[in-house]
Amino acid sequence: MFRSLRRALCAAAAALLLILAGVGAQTVHADPAAPEDRAARAAAPGAGYWHTSGRQMLDAAGQPVRIAGINWFGFETANYTPHGLWARDYKSMIDQMKSLGYNTIRLPYSDDLFKSGTVPNSIDFSGGKNADLQGLGSLQIMDRIVAYAGQGGLKVVLDRHRPDAAGQSALWYTSAVPESTWIANLKALATRYKGNSTVIGIDLHNEPHDPACWGCGDTTRDWRLAAQRAGNAVLSVNPDLLIFVEGVQTFNGVSGWWGGNLMGVAQYPVQLDVPNRVVYSAHDYATSVAQQSWFSDPSFPANMPGIWDKYWGYIFKQNIAPVWVGEFGTTLQSTIDQKWLAALVSYLRPTGTYGADSISWTFWSWNPNSGDTGGILKDDWTTVDTVKDGYLASVKAPGFPSGGGDPGDPGDPGGGTAACTAAYTVSSDWGGGFNAEVKVTNSGTVALKSWKTTWTWPGAQKVTSMWNASYTQSGSTVTAANADHNGTLAVGGSASFGFGGAPGGGGAPTVSCTAT
């Protein structure tokens with residue numbers, strides 16, 4: 001319940017370790033599971049995008065898959081980047097997650113990441129650490145993390161954790177961040193990672209709680225209706241994503257954890273325009289977070305399966321939809337908490353017995369600086385809490401096929417990185433119109449098959465014509481992709497395209513580049 005206190009403690013701890021990172025050239029890595037690659041990799045479950053069937057999640061080939069992952073927070077705080085980069089290189093962190101058997105990363109973020117003045121901080125670049133993050137903005141750092149996770153066979157779920165870095169919000173909107181902004185930013189992320197099946201879905205909003213309701217019909221409070229609006233908006237730009245929908249706090253007078261009450265699903269299921277995309281997400285915690293009545297029940301912990309059944313487990317058991325326990329954690333300091341975690345792991349159905357027909361999960365958290373739970377890592381950000389990690393051993397699941405470069409490609413013996421940069425130049429501007437050129441350069445370590453650029457003008461500029469690329473424009477945002485003849489770029493190679501637009505005066509916006 002007292003999650004805002006925990007987040008405040010996290011942000012305060014991180015603020016003591018500020019190492020400012022600048023803003024510079026934008027480089028975006030891409031990690032798509034292209035359709036032509038899916039069939040070849042179908043033997044290993046997890047390839048491509050996922051969908052649902054009853055209580056299971058299935059990969060692109062129809063094979064059952066399961067999330068057994070970890071929360072790595074920080075993007076949602078005033079550091080605007082995952083925590084711990086003040087101590088370690090991000091790649092070594094992800095490598096360690098994989099080595100411990102976690103197959104998915106849940107990445108919390110706030111809508112502050114989309115503000116022009118947001119600057120990531122507390123990143124150590126000494127000794128070569130995080131070298132390829134230097135000069136990047138927060139979303140570009142997210143791109144790098146997604147790309148490297150995909151190369152290692154990990155999936156990513158993006159979690160809209162907060163409207164801003166200041167703290168949790170009960171509803172999905174605030175006076176400063178209206179619903180329209182929430183949905184616009186969700187769509188921007190869905191578009192950003194379209195074609196990149198490392199990002200399998202988006203958790204629409206973290207821990208809705210009172211006065212949020214489920215099924216009450218009040219559009220200002222009904223989280224189920226809001227989730228439908230946002231889910232359909234996301235799927236309108238990227239129909240392959242899973243839509244993760246958390247619960248509320250109270251339904252029909254029965255209260256539980258923030259985001260953990262999914263009792264309303266039985267009567268009021270989330271219904272989206274694209275079928276087989278909804279995964280319901282519950283959060284569950286121990287006494288180190290807050291006291292609940294069931295912890296003092298004389299039958300504890302034998303009473304817990306019935307509690308979980310009531311709040312969210314029935315969705316799985318009745319084959320309604322997949323269930324993902326997006327957060328659960330504890331310091332493990334009390335005997336009650338130890339019994340709770342053992343009971344919950346048993347309830348999640350050990351992998352060895354049930355395989356992929358089990359409830360999915362992401363443990364809270366990787367970070368040691370979560371004030372009321374601690375993490376899998378200890379305070380040095382390197383040493384593993386083997387006791388805590390050991391509780392999870394029986395429910396961990398296999399990793400997934402790498403989404404990175406083809407390791408069989410002789411030009412990429414180690415599984416290289418597809419990346420590009422883009423430079424925008426205005427060649428002429430006469431007020432009523434202008435001409436401009438964008439130069440795309442392969443900045444990665446493998447040859448590119450294709451590239452795509454995106455930028456947003458500050459005014460009402462529109463493309464009037466374009467050559468050597470195809471484009472779409474939505475509002476002030478333009479996406480331009482290579483033509484058939486200039487998509488292939490050798491390492492270090494470049495291609496350019498030009499266009500005319502009107503009116504003039506738009507200047508040179510920052511351009512992001514996505515490569516495959």
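The values are calculated or read from the model by the stated rules, or taken from the named source; none is laboratory data. Everything numeric in this text was worked out from a predicted model, so none of it was measured. Note that we place each Cβ from the backbone using ideal geometry, even for glycine, and neighbour counts take in every protein chain shown. Accessible surface is based on the protein model in full, side chains and every heavy atom, while ligands, DNA and RNA are left aside. Shrake-Rupley method; radii C 1.70, N 1.55, O 1.52, S 1.80 Å.
Summary of computed values
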| quantity | calculated |
| --- | --- |
| By average C-beta atoms within 10 angstrom, highest first, the peptides 136-146, 478-488, 253-263 | 136-146, 253-263, 478-488 |
| Karplus-derived 3J(HN,Hα), 6.51/-1.76/1.60, for each residue of the stretch 458-464, Hz, glycine and proline x | x, x, 9, 5, 10, 6, 9 |
| Euclidean distance of C-alpha centroids, the stretch 137-157 and the stretch 209-234, integer Å | 29 |
| Peptide ranges 101-109, 460-468 listed from the most packed, as the mean C-beta count within 10 angstrom indicates | 101-109, 460-468 |
| Computed [θ] at 222 nm, helices only, for the chain once each DSSP H run of length n ≥ 4 contributes -39500 (n - 2.57) | -5500 deg cm²/dmol |
| Additional length obtainable on full extension of the chain from S494 to D429, 0.36 nm per residue less Cα span | 20.9 nm |
| Accessible area of K129 in the full protein assembly, 1.4 Å probe (Å², nearest 10) | 50 |
| Heavy-atom SASA rank of Y148, Y314 (probe 1.4 Å, accessible area, largest first) | Y148, Y314 |
| Gyration tensor verdict on the chain (Cα atoms; rounded if a/c is under 1.5, prolate if a/b is larger than b/c, oblate otherwise) | prolate |
| Under 10 Å, Cβ to Cβ, from A176 - net charge with Lys/Arg +1 and Asp/Glu -1 | -2 |
| Long-range HN-HN contacts of E246 with modeled amide H, under 5 Å | L204, H205, S281 |
| Carbon/sulfur fraction of accessible area - the chain, other protein chains in place, 1.4 Å, % | 55 |
| Sequence-distant residues sharing a close amide H with T331 (under 5 Å, placed H) | S288 |
| Å² of accessible area per residue within the chain, as computed with a 1.4 Å probe and no ligands counted | 35 |
| Dipole moment magnitude, nearest 20 debye, the chain about Cα centre, only Lys, Arg, Asp, Glu C-beta charged | 320 |
| Pairwise centroid distance, computed over Cα atoms, of the stretch 499-516 with the stretch 239-270, Å | 41 |
| Cα→Cβ-extended label distance, 7 Å offset, between Q267 and S476, nm | 4.5 |
